[in-house]
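Everything on this sheet refers to the single structure shown next.
The values are calculated or read from the model by the stated rules, or taken from the named source; none is laboratory data. What you see is a predicted model, and the numbers here were worked out from it, not measured in a lab. Counting neighbours? That spans all protein chains shown, and the Cβs are built from the backbone with ideal geometry, glycine included. To get the accessible areas, we keep the full protein, side chains included, count just its heavy atoms, and leave off ligands, DNA and RNA. Shrake-Rupley method; radii C 1.70, N 1.55, O 1.52, S 1.80 Å.
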Amino acid sequence: MTAILLRPAIGEDARFLADMLVEAANWSPSSRRPRVQVLADPALAPYISGWMRPADAGLVAESVSGDPIGACWFRLFDQSKPGHGFVAGGVPELTLGVSPLWRAQGVGRELLRGVASLARSRGYARLSLSVDRGNFAQRLYVSEGYVVVRSDDRADTMAKALA
Ligand SMILES: CC(C)(COP(=O)(O)OP(=O)(O)OC[C@H]1O[C@@H](n2cnc3c(N)ncnc32)[C@H](O)[C@@H]1OP(=O)(O)O)[C@@H](O)C(=O)NCCC(=O)NCCS
């Protein structure tokens, strides 16, 4: 495990979180889209637009030199405008991304664990997410206690009980 620091995400992290959303959207090397296109996608923009709202929360992972290297955050979606991983009102949905050079060193798992603690401390009973089938990240989520609650032809919606 690489030495990293996790700190709370703040409003000024919007640009870096957007970078991590782009990484999450571009998880498959065979179908990468330009940043501007990902952030303009009406299905993806709601994960970051207007950051940081009162109920938004997350963590940024920093290297020992203080550079941001990954982030995980959660947001509440309304049933009238659900995210891909919507399971119920009051269940926030998370986004996770680690900068390419810092992957496979334990950063993603640390962020996931930290954000589960953060959500628990805010009183949430569950956290949800959406992951494309084929993304190895799904195995990471399973190992952290997320279970599939819904599937479509492309992706699985997963949730974790925080109690
Ligand atoms: C998915 C992601 C966040 C995981 O973060 P990470 O820091 O690379 O992952 P970790 O180092 O914490 O590894 C977590 C587990 O995944 C495994 N793993 C890491 N990289 C892997 C790879 N390329 N292929 C298969 N398994 C891998 C590790 O072996 C580890 O399991 P272990 O603890 O049993 O060894 C990161 O790779 C990433 O940003 N990917 C692109 C964006 C993305 O897919 N986001 C999620 C969208 S739902």
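Residues in the stretch 107-139 that are part of a loop (DSSP other than H, G, I, E, B) and either charged (D, E, K, R) or open to solvent by less than 30 Å² (accessible area, probe 1.4 Å) (or both): Arg122, Arg133, Asn135. Scanning the stretch 1-31 for residues being among the charged types (D, E, K, R) and either within 15 Å of Ser99 (Cβ to Cβ) or in contact with a Ser or Thr (Cβ under 9 Å, 6 or more places away or on another chain) (or both) gives a total of 4. On the stretch given as the stretch 115-144, residues that are at pLDDT 95 or above and within 14 Å of the ligand (Cβ to nearest atom) total 18.
Tell me the residue from Trp102, Trp51 that is surrounded by fewer than 21 Cβ atoms within 10 Å (Cβ to Cβ) and free of Cβ contacts under 8 Å to residues at least 60 places away in the same chain, please. Give the derivation first.
Details: Trp102 fails: free of Cβ contacts under 8 Å to residues at least 60 places away in the same chain.
None of the others qualify; the one that does is Trp51.
Do we have any residue at all in the stretch 92-114 that's more than 16 Å from the ligand (Cβ to nearest atom) and of a type in the set (D, E, K, R)? Step through it out loud before you land on a result.
Quick first cut of the stretch 92-114, residues more than 16 Å from the ligand (Cβ to nearest atom) only: none.
So far as the stretch 92-114 goes, no, none of its residues is more than 16 Å from the ligand (Cβ to nearest atom) and of a type in the set (D, E, K, R).
Here Val142, Val60, Val149, Val87 are screened, and the one residue that is assigned to a strand (DSSP E or B) and open to solvent by 20 Å² or more (accessible area, probe 1.4 Å) is Val149.
Mind checking whether some residue in the stretch 93-102 is in a loop (DSSP other than H, G, I, E, B) and in contact with a Leu (Cβ under 8 Å, 6 or more places away or on another chain)? No, the stretch 93-102 has no match at all. Among the residues of the stretch 66-84, the one identified as at pLDDT 95 or above, among the small types (Gly, Ala, Ser) and surrounded by fewer than 22 Cβ atoms within 10 Å (Cβ to Cβ) is Gly66. Inside the stretch 17-43, residues that are open to solvent by less than 30 Å² (accessible area, probe 1.4 Å), within 17 Å of Arg75 (Cα to Cα) and either away from the ligand (no atom under 11 Å from the Cβ) or among the β-branched types (Val, Ile, Thr) (or both) make up a count of 3.
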